Amino acid sequence: MPRGLGDIPSLRLERLQKFVTKFSAQFTLKLANMFPSQDSPSSTIEWESQDGTREMAKFKPPGAPTEQSAPLGVAPHSAEAAFWGDKMFFDEEFLNNVRKAGTESQYLKAKQRLSRELANMTSRVLRRQEWMTARMLFAGEFAYEVAEGVKATVDYDIPSDHIVSLSSESLWSTGNKKDIMGDVTDAKERVSLDCGGKVNWAVCNTSVFKYLATDTTIQTLLQKSTFGEGTLFKGAVEKLTGVNPKPIAALLDIDNFLIYDEQYEVRTFLTANVTGGTTTVIYVGNAQDFLAGGTLRFVNMSTGAKEDETIASVDVEAGTVTVSTAPTASFRAGRDIVFMRRKFIEDDKIVFFADNVENQPIAEYWKAPFGLDRHYGVKPDRWEKKDPDGIYLRVENKGLPVLYFTDAVYILTVA
């Protein structure tokens, strides 16, 4: 390139960082934003979790030494911060258009694309933080890569009696002896007894909320004659049009009821050709976030043709995703992609938790330093490449959500 990166105002680091910071502030992370954040002194995150908080101080006579209290079941935890990022390549022609102030239409189009792609990369980085928080609350653990080919798992040690799966006859979906009100009461009572916190959050997606909203016992209690103005439904009950969760939250005595249907995508290039009608074992660039049972979409990036198949199994180590049926069309390695779309919250789970215990947050997000400048939080970067001429634009982040009160969370599988 005839000139360096410094000659492109839109690609100056201070401008990129300002854009990323502004975009991040406007981007809604409903799960991650439930908890405060702080900076970690190093990439090794250390924290302590505890059971119970309600011990009383001992009586003592005047002049006597104060008795030392017994530990509150404190357990030390240590894990390397997760590190993640996203990058894109912009070629010489695009960069020349960014410089080309004399050709207004091309110049504006190039600037718009740069802003759009930087926003997309930033949103993908922020969604990973949301995914980690979702896995902490709904699974109690997640796995990630800490070095080339080295996987780590952070286990939040949520007590086993706080991770409950209903029996088949008690399922909210099909159980003939289901007792939704009783199950919710059990969750609230278990949290209260174990840590003293009051459940003030219930989180699920629409699929699970439908079980609550259409339950005959709950509907009876929410009738106008027995529960205020009966504002549960603004439209047809059978279609759940305009469902308002506030009356159910009030009925259950839970301050906040979040219905969260946000999704994320797992997207990667094919690393081996796929032959239509034959290939079922699909080699991909990164298989770590694909899940059996999901839908794998094949996309021909030249023609835009798409095809969906069901994922039968995933082998992360081998870098393969096996589909139940081979796609009809053929797809080319290095050009075509596959992706899976999935909700942050599963269709069969609801989580109840107290977001604080004795005025202390039950969880935090620890930001870890990275880069030569020990940066904290979402960071953009760029560098030049020769032959072919162009630049790489990258957005990164590093950190880990931690859970201090393991018994303030209750995970219930209901379908």
Pairs returned, first residue in segment 381-406 that is more than 30 Å from residue 49 (Cβ to Cβ), second residue that is outside any strand (DSSP E or B) and among the acidic types (Asp, Glu), beta-carbon separation under 8 angstrom, 6 or more apart or interchain, are 388/92; 389/92; 390/92; 393/117
Step by step: first the residues of segment 162-178, then only those that are touching a Lys or Arg at 6+ places or on another chain (Cβ under 7 Å) and either part of a loop (DSSP other than H, G, I, E, B) or of a type in the set (D, E, K, R) (or both), then the one that is surrounded by the most Cβ atoms within 10 Å (Cβ to Cβ). Which residue is that? 172
Out of (1) more than 25 Å from the chain's Cα centre (by Cα); (2) surrounded by 14 or more Cβ atoms within 10 Å (Cβ to Cβ), what's the single condition that is false for residue 302? (2)
Could you go through segment 369-387 and let me know if any residue there is hydroxyl-bearing (Ser, Thr, Tyr), in a loop (DSSP other than H, G, I, E, B) and more than 30 Å from residue 172 (Cβ to Cβ). yes
Is it the case that residue 271 is surrounded by 14 or more Cβ atoms within 10 Å (Cβ to Cβ) and over 13 Å from residue 342 (Cβ atoms)? yes
I'd like to check which strands (runs of 3 or more DSSP E) are fully inside segment 276-366 and have at least 1 residues that are in contact (Cβ under 8 Å) with a residue 12 or more places away in the chain and more than 30 Å from residue 166 (Cα to Cα). 281-283, 295-299, 306-315, 320-323, 337-343
For residue 352, the lone unmet condition from (1) surrounded by 17 or more Cβ atoms within 10 Å (Cβ to Cβ); (2) under 23 Å from residue 126 (Cβ atoms); (3) aromatic (Phe, Trp, Tyr) is (2)
Exactly one condition in (1) in a helix (DSSP H, G or I); (2) in contact with a Phe, Trp or Tyr (Cβ under 9 Å, 6 or more places away or on another chain) is not met by residue 199; state its number. (1)
Would you mind finding the one in 398, 379 that is touching a Ser or Thr at 6+ places or on another chain (Cβ under 8 Å) and of a type in the set (Lys, Arg)? 398
Of all residues being over 20 Å from the mean Cα position of the chain (by Cα) and of a type in the set (Phe, Trp, Tyr) in segment 15-68, which is farthest from residue 123 (Cα to Cα)? Just the residue, please. 59
If we ask which residues in segment 259-286 are out of contact with any Cys (no Cβ under 8 Å at 6 or more places or on another chain) and closer than 28 Å to residue 203 by Cβ, their number turns out to be 7
Filter segment 196-252 down to the residues that are basic (Lys, Arg) and within 23 Å of residue 348 (Cβ to Cβ), then identify the one that is modelled with the highest pLDDT. 210
Could you list all residues from segment 115-142 that are surrounded by fewer than 14 Cβ atoms within 10 Å (Cβ to Cβ) and small (Gly, Ala, Ser)? 115
Picked from segment 385-407 (must be closer than 21 Å to residue 95 by Cα and touching a helix residue (DSSP H, G or I) at 6+ places or on another chain (Cβ under 6 Å)), the residue surrounded by the fewest Cβ atoms within 10 Å (Cβ to Cβ) is 389
If you take the residues in segment 328-348 that are farther than 20 Å from residue 286 by Cβ and not charged (D, E, K, R), which one is surrounded by the fewest Cβ atoms within 10 Å (Cβ to Cβ)? 328
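The values are calculated or read from the model by the stated rules, or taken from the named source; none is laboratory data. Fair warning: this is a prediction, and the values are worked out from it, not measured in the lab. No Cβ is skipped: glycine too gets one built from the backbone with ideal geometry, and neighbour counts run over all protein chains shown.
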